[in-house]
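> Starting off with a structure, shown below.
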Amino acid sequence: METIDEQRRSWKSRPLIWLERRPLRRQLMQDELNRQYLRKGDDVYLFRLYSGKEKVAKAELFDADPELAANKEKYEHDAYDIRDYSFLTFQIRAIRDVLATATPENLDIPALLRAAATTRNGELPYRISIRRGEQETLLYEKKYRVDGDKNLEVLYLLYILKKCGYMDAIFNALPELPDDFPLLLMCFADAAIRRRVEDYMCIPGLAAMYALAFAPRHLNVRDQLKLAEFGRGNPRFQELLGISLYRYGYHIYCPYFYVLNTDIQELHHFRAAFCSDVLLFLLSAPETLPQLRQLLDYGAEAYLSGSSMAYIAFPTSSPFFTRNIMGYLALNNDARLADWLHQELVEKTWFAKDHKILKTADLIAALQKLA
């Protein structure tokens, strides 16, 4: 809910979450500033606020507007004031209570991050089942909690702090936070931040590998192998990544609702399940993530199930999990692979298209050569 002060405030000065200058690619869009229809090819800014649809304005009008020009400067140089975000509400109380009254003078970033990183909140629910004929048997259920998947709000907190210029303060606080916490910063499409995390964690090559893992495209087999090999060569990283993914759930994609808000420009690469390739880091170590370990233990007939909206996120990401499992079995010459291949590529016909896009069969063949 927005406060009365926020409602009265000009929309032009509210924090941006997207700003892009380019030729307009669509017809029949109205300029937000003069309400005139624009032509395809016009030099425009496309921009978004926290609420509402994408807006567009001619670049010359946008840059000539004092409020928008000042807002652009803040957005591009991470120079917002923490009070600019007072209209946002968080369900994690440790975040909500601080931001409601935060000012540059009283903001204690180490204390805020300690509370955000250690307070246990809701996690994504999931089910594992087997189906034989018309009979479905539930094997495991992590039940939905009323506070939902609120751990992911910590990533949005980091985004706000970043846009307010507190990145140095965040890195200074890292020694007091859980060892997996720096990996959240790798979610941002920011090469400089990723290099800082690589240096902090002393894992050479981490930044380049994350640029690949979160590339906004489906990876070819050669690139998939790079991620798997990098993970295998860094077992401590695998352990921390498994903790991070289980707690925050940013490896899950659902076409029916956003697990992550991909309207935020620095998180846009999480759209269309591109984020799920991060699982490949764990291909050689399924024990590092509970869902992978459980699926492997329950056998080839098991699958991530659930038809209600509360449980739908994991089933839509299921092929990424089973690609990992079959890759692990191939890498270890495990006799169970034949059964998994038959179930995933033949019996479960609803996943056939996904496995073709993910090049699962080709990956398995390549891994068998490495075994």
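The values are calculated or read from the model by the stated rules, or taken from the named source; none is laboratory data. If you're wondering where the values come from, they're calculated on a predicted model, not measured in any experiment. We place every Cβ from the backbone using ideal geometry, glycine too, and count neighbours over all the protein chains shown. Areas reflect the complete protein model, heavy atoms only, side chains present, ligands, DNA and RNA absent. Shrake-Rupley method; radii C 1.70, N 1.55, O 1.52, S 1.80 Å.
> Ranked by accessible surface with a 1.4 Å probe, highest first, in what order do I128, I243 come?
Listed by decreasing accessible area, they come as I243, I128.
> For the Cα atoms of the chain, what angle does the longest principal axis make with the long axis of helix 221-232, in degrees from 0 to 90, nearest 10?
Approximately 90 degrees, to the nearest 10.
> Compute the angle between helix 66-76 and the longest alpha-carbon principal axis of the chain, please, reported from 0 to 90 degrees and rounded to the nearest 10.
It is inclined by approximately 30 degrees.
> May I ask you to give the percent of accessible area on region 231-371 that is carbon plus sulfur, with a probe radius of 1.4 Å?
On the way: 2890 of 5390 Å².
Accessible surface attributable to carbon and sulfur in region 231-371 totals 54 percent.
> Can you work out the Karplus-derived ³J(HN,Hα) for every residue in region 338-351? Use 6.51 cos²θ - 1.76 cosθ + 1.60 with θ = phi - 60°, whole Hz, and x for glycine or proline.
Computed from phi, the couplings for region 338-351 are 4, 5, 5, 4, 5, 5, 6, 9, 10, 5, 8, 5, 5, 9 Hz.
> List the GluC sites (Glu not before Pro) in region 108-185 that DSSP assigns to loop (not H, G, I, E or B) and whose Cβ has at most 13 other Cβ atoms within 10 Å. Which are they?
Answer by residue number: E134.
> Let me ask you something else. Can you send over the carbon and sulfur percentage of the accessible area for region 1-95, probe radius 1.4 Å, protein chains only?
On the way: 2620 of 5680 Å².
Roughly 46 percent, rounded to a whole number.
> If you don't mind, there's one more thing I want to ask. Where does each of W11, W340, W350, W18 land when they are ordered by accessible area, with a 1.4 Å probe and the largest first?
On the way: W11 70, W340 5, W350 145, W18 35 Å².
Descending accessible area places them as W350, W11, W18, W340.
> Skipping prolines and chain starts, which residues have an amide H placed within reach, meaning under 5 Å, of the one on A57, given they are 5 or more residues away or on another chain?
E32, Y45
> Can I ask one more? Which residues does a label at N333 reach in region 220-235, if reach means a backbone N under 19 Å from a point 7 Å past the Cα toward the Cβ?
none
> Now a separate question. Taking square-rooted eigenvalues a ≥ b ≥ c of the alpha carbon gyration tensor, is region 324-371 rounded, prolate or oblate, where a/c under 1.5 means rounded and, failing that, a/b exceeding b/c means prolate?
Verdict is oblate for region 324-371.
> Would you kindly derive the ³J(HN,Hα) couplings of region 278-291 from the backbone phi angles with the Karplus curve 6.51 cos²θ - 1.76 cosθ + 1.60 (θ = phi - 60°), listing them in order in whole Hz, with x for Gly and Pro?
With the stated coefficients, region 278-291 comes to 4, 4, 4, 4, 9, 4, 8, 9, x, 5, 7, 10, x, 5 Hz.
> Hey, what's the chain come to in accessible area per residue, 1.4 Å probe, Å²? Each step should come with its number before you reach the end.
Numbers: 17110 Å² over 371 residues.
Ligands and nucleic acids excluded, the result is 46 Å² per residue.
> Moving on. Would you calculate, for the chain, the mean residue ellipticity at 222 nm contributed by helices, counting each DSSP H stretch of 4 or more residues as -39,500 (n - 2.57) and dividing by all residues, to the nearest 500? Don't skip to the answer; put the middle values down first.
Values: 18 runs with 157 residues, N = 371.
Taken over the chain, the calculation gives -12000 deg cm²/dmol.
> Sorted from largest down, give the three principal axis spans of the alpha carbons of the chain, whole angstrom values.
Principal-axis extents of the Cα atoms in the chain, largest first: 67, 50, 42 Å.
> For a quick check, take a GNM of the chain with Cα springs below 10 Å and name the residue from A100, A59, A285 with the largest mean-square fluctuation.
Result for the chain, Cα springs under 10 Å: A59 fluctuates most.
> Ok, one more. If you take every residue apart from V98 with its C-beta less than 13 Å away from the C-beta of V98, what net charge results, scoring Lys and Arg +1 and Asp and Glu -1?
Numbers: positive: R83, R93, R96, R114; negative: D97, D108, E153.
Around V98, the surrounding residues sum to +1.
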